[in-house]
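The next block holds one structure in the form of structure tokens; read it before the comments.
Computed from the coordinates by the stated procedures, all read-outs in this text should not be read as laboratory data. The structure displayed is predicted, hence computed values, not measured ones. No Cβ is skipped: glycine too gets one built from the backbone with ideal geometry, and neighbour counts run over all protein chains shown.
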Amino acid sequence: MPMKLLDRRVLLIVGGGIAAYKVLELIRRLRDEGARVRPVMTAAAQQFVTPLSVGTLSGDRVFTDLFDRNDEHDVGHIRLSREADLIVVAPATADLMAKLATGAANDLASAVLLAADKPILMAPAMNPRMWEHPATRRNRTTLLADGVEFVGPNAGPMAEAGEAGPGRMAEPAEIVTAVVARFAPKAGPLAGKRFLVTSGPTHEPIDPVRYIANRSSGKQGHAIAAALARLGAEVRLVTGPVSIPDPVGVTTTHVETAREMLAAVEDGLPVEGAVFVAAVADWRVAEAADQKIKKVAGAAALPVLTLVENPDILATIGHHERRPQIVVGFAAETENLAANARTKLDRKGADIIVANDVSAASGVMGGNRNKVTVLSSDGAEEWPEVGKDEVADRLANMIADRLARQSQTKR
């Protein structure tokens with residue numbers, strides 16, 4: 001039978017708990033499926049199972065120390081997370097969950113998790129009272145919102161005499177099944193297709209404490225990224241500063257400025273499709289101040305800001321040498337909606353422009369609903385005001401249909 005995880009790179013973080021003994025079987029099962037397993041052990045984990053045993057079964061070095069001179073010269077905790085395809089935390093103790101939920105990073109395992117740009121799968125293991133404690137429940141809710149996935153815990157007897165309930169770590173076979181499912185080919189009309197999506201505002205610095213921005217919440221862009229992923233696409237979301245969680249099942253890159261967003265988008269090419277939802281600032285200050293600009297009394301003392309134009313990300317990719325098969329742009333307008341959007345469609349090299357009215361009267365900027373007009377070479381289609389998730393689903397299906405027609409035309 002073919003190995004289901006052939007050459008997949010799994011970074012296994014072993015937490016400190018009695019369930020750590022199960023990682024020996026977990027490593028064996030992962031390797032039987034073809035995975036390459038690189039272990040990271042906390043100091044507490046080494047009290048339950050030895051690095052020698054873990055290293056022997058994994059066939060790789062066991063990493064234990066945040067301040068290892070052999071690794072930290074190249075920022076080892078960053079490299080460890082970047083070189084993995086998936087990070088598995090087993091057992092995921094209450095301490096490790098709390099650290100990641102609150103952004104603490106005082107050892108190698110927590111620093112790796114905080115630096116991770118790869119999916120994280122946690123297999124919790126702890127006493128039932130610890131699992132059911134309000135703090136742990138809050139941390140789990142936070143981690144789920146941040147995109148962390150869970151397998152288990154199971155219910156049953158604990159190591160402590162007379163203790164039973166939810167908190168047993170999932171069995172190694174269950175964890176392997178979850179890992180295999182994470183890498184299984186996605187079903188759906190966009191399976192095998194790669195997409196880039198931009199979302200949110202950009203912040204263009206004036207000085208260390210002030211910036212130029214707009215009211216974009218990122219809700220529509222994040223919803224579109226999630227909708228494309230639900231149709232099977234492999235999605236990279238490039239988002240400006242927002243206060244909403246990253247969508248589940250999507251690889252997210254966080255940026256601040258328009259130039260950073262363009263660099264991240266170009267770094268993500270080639271892709272089959274790109275959807276530019278971000279409300280990118282049109283201008284930036286030519287020379288941002290190194291220190292806070294002080295307020296001085298008198299009109300003559302008012303600071304003079306020289307603005308320069310930011311790169312037009314939609315137009316750049318619409319005319320790029322590695323242009324995606326389908327390019328979708330958003331046009332936030334306060335007047336002459338259709339006319340302004342039609343101009344953008346032609347000038348920026350887009351296939352579809354989604355125009356939305358963001359005038360004060362519309363009340364949609366930053367809200368949960370949207371009313372859009374979709375323009376393409378097929379004409380204009382006005383959609384009724386609906387929730388942003390529904391706009392995302394309709395647009396994702398429209399994109400899938402258009403790509404399918406393109407494929408049929410090439411045959």
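Tabulated data
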quantity: Label-to-label distance, nm, for residues given as residue 7 and residue 259 (7 Å Cα→Cβ offset); calculated: 3.8
quantity: Ellipticity estimate at 222 nm from DSSP helix runs (n ≥ 4, -39,500 (n - 2.57)) divided over the chain, nearest 500; calculated: -9500 deg cm²/dmol
quantity: Over the chain, relative contact order from alpha-carbon pairs under 8 Å, at least 6 apart, %; calculated: 11
quantity: Contour minus Cα-Cα distance for residue 102 and residue 405 (0.36 nm per residue); calculated: 104.4 nm
quantity: Centre separation in Å (Cα based) which lies between region 264-341 and region 176-224; calculated: 17
quantity: Tilt relative to the chain, helix 134-145 - C-alpha long axis, 0 to 90 degrees, to 10; calculated: 50
quantity: Gyration tensor (alpha-carbon) shape descriptor, region 194-410, a/c threshold 1.5; calculated: prolate
quantity: Global geometry of region 21-139, whether rounded, prolate or oblate, following the gyration tensor of its Cα atoms and the 1.5 cut on a/c; calculated: oblate
quantity: Within-10-Å neighbourhood charge of residue 154 [Cβ basis; K, R +1; D, E -1]; calculated: -1
quantity: Residue (of 244, 233, 273) at the positive-pole extreme of region 227-327, dipole from beta-carbon charges; calculated: 244
quantity: Cα-centre dipole for region 171-233 with unit charges at Cβ (Lys and Arg positive, Asp and Glu negative), debye to 20; calculated: 300
quantity: Charged-residue dipole, Cβ positions (Lys, Arg, Asp, Glu), the chain about Cα centre, Debye nearest 20; calculated: 460
quantity: Between helix 258-268 and the chain: long-axis angle, C-alpha atoms, 0 to 90°, nearest 10; calculated: 60
quantity: 100, 143 arranged by Cβ crowding within 10 Å, fewest neighbours leading; calculated: 143, 100
quantity: Theoretical FRET efficiency, 1/(1+(r/R0)^6), r = Cβ-Cβ of residue 46 and residue 288, R0 41 Å, to 0.05; calculated: 0.30
quantity: Relative intensity, log₁₀ I(q)/I(0), of the chain from a Debye sum that treats every alpha carbon as a point, q = 0.06, 0.10, 0.14 Å⁻¹; calculated: -0.31, -0.80, -1.21
quantity: Gaussian network model of the chain, springs between alpha carbon atoms under 10 Å - residue of 225, 233, 178 with greatest fluctuation; calculated: 178
quantity: Full-extension gain in nm, residue 308 to residue 181, via 0.36 nm per residue minus C-alpha separation; calculated: 40.9 nm
quantity: Per-residue Cβ neighbour rank within 10 angstrom, fewest leading, 276, 183, 63; calculated: 183, 63, 276
quantity: Pair residue 386, residue 173: separation of 7 Å Cα→Cβ label points (nm); calculated: 4.3
quantity: Summed side-chain charge close to residue 301 - residues other than residue 301 whose Cβ falls under 14 Å, Lys, Arg +1, Asp, Glu -1; calculated: +2
quantity: Sorted by Cβ neighbour density within 10 Å, fewest at the top, the residues 202, 142; calculated: 142, 202
quantity: Cα lying deepest toward the dipole's positive end in region 241-360, options 303, 313, 288, charges on Cβ; calculated: 303
quantity: Cα long-axis angle, helix 388-410 against the chain (0 to 90 degrees, to the nearest 10); calculated: 80
